[in-house]
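Student: One structure coming up, written as structure tokens, with questions to follow.
None of the figures in this text is laboratory data; all of them are computed from the coordinates on show. Note that the structure is a prediction, hence the values are computed from the model and not measured. All Cβ positions, glycine included, derive from the backbone under ideal geometry; neighbour counts span all protein chains shown.
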Amino acid sequence: MKNKLSYPAIWQKTCCALAACTALAGAALAEDNASDWSGKFTIGLESSNASADSRDINASLTLVHNQNFQASRPFRHTLIGSMDNAKTKLYGTTTRTQDKDTISYQLAYFIDEKSQIEGSLTYLHDYSLQIDKGGLASLKYVRHILASTAHQLNFGIGVSYLDLEGYTPPKVRQAGGQMSYNYNGQLTERFSLNHDGMLKVTADVRYASLNTGISYALTSNISLSLTHSLSSLSNDANNQVNERSNTTNLNIGVDF
């Protein structure tokens with residue numbers, strides 16, 4: 001008989017993250033018009049290829065102020081928090097297969113309806129990529145190539161700064177360049193597709209990610225989504241670091 005795993009630490013992280021994000025949202029809503037705010041909360045399960053007893057959970061919360069372009073209010077604020085934790089138990093031994101926590105704040109300035117400047121600060125912990133803790137700062141120019149009611153596509157290019165501390169030395173503190181793109185498409189009345197990619201490059205580090213998700217709208221604000229994420233980290237300063245992460249998640253999301 002398989003032994004089930006308990007995850008008090010995961011639930012503690014989830015509750016703390018949600019409490020913090022809820023407090024920030026409440027304070028912001030109290031100071032501004034609630035109609036200027038939007039967001040999404042997702043929670044779900046993660047698939048695993050291991051033939052063992054596994055339990056895992058992922059959750060995220062996104063808050064956005066001033067989502068679309070307004071000439072009189074050119075700034076957009078975005079706060080994103082996410083966690084993804086998984087463990088596998090095989091022959092009495094518990095193995096951590098995924099442990100990722102991310103908190104990010106983004107500030108965008110709308111130049112016009114098709115162009116914007118974006119700055120962001122991100123805290124990252126990613127066991128799969130051997131990042132114990134890391135800070136990422138970026139500044140980029142984003143241009144909307146396609147902006148219809150059904151399809152949106154944008155590209156970004158800019159500079160970034162990485163401050164990464166792995167489980168093995170040395171630390172990485174380097175500036176470099178970055179590129180990104182994002183596509184959102186309404187395929188049918190209920191099905192939608194999202195795909196985005198990012199690459200950050202410094203003298204020694206190459207950090208990349210690809211994310212694809214397809215969603216089915218159950219109601220006007222509740223959806224079921226299947227997402228697949230790939231990420232990699234190569235560090236020439238430490239020949240031992242050349243890590244990849246590959247996850248597939250099934251989530252239920254609530255827009256508000």
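Student: If you place +1 on the Cβ of every Lys and Arg, -1 on the Cβ of every Asp and Glu, and leave all else neutral, what size is the dipole of region 54-147 about its Cα centre, to the nearest 20 Debye?
Tutor: Numbers: 11 positive and 9 negative charges, 18 e Å.
About 80 debye.
Student: Extension gain ALA137-HIS195, at 0.36 nm per residue separation less the Cα-Cα distance, in nm?
Tutor: Difference between extended and current length: 18.7 nm.
Student: Note the full-extension length gain between THR188 and TYR109 as 0.36 nm times their separation in residues minus their Cα-Cα distance, in nm to one decimal.
Tutor: 25.3 nm
Student: Could you give the length gained on full extension between SER229 and THR248, defined as 0.36 nm per residue of separation minus the Cα-Cα distance, in nm?
Tutor: Length difference between fully extended and current span is 6.2 nm.
Student: In terms of the Cα gyration tensor, with a ≥ b ≥ c the square roots of its eigenvalues, is region 95-252 rounded because a/c is under 1.5, prolate because a/b exceeds b/c, or oblate? Show your work: numbers first, answer last.
Tutor: Values: a/c = 2.44, a/b = 1.38, b/c = 1.78.
Taking the square roots of the gyration eigenvalues as a ≥ b ≥ c, region 95-252 is oblate.
Student: Relative contact order for region 168-248: what percent, with Cα pairs under 8 Å and sequence separation of 6 or more?
Tutor: Here the relative contact order equals 23 percent.
Student: Can you tell me the FRET efficiency between SER220 and ILE157 if r is taken as the Cβ-Cβ distance and R0 is 22 Å, rounded to the nearest 0.05?
Tutor: 0.05
Student: Hey, another quick one. Once the Cβ-Cβ distance between LEU45 and ASP255 is put in as r, and R0 is 22 Å, what FRET efficiency do you end up with, to the nearest 0.05?
Tutor: 0.65
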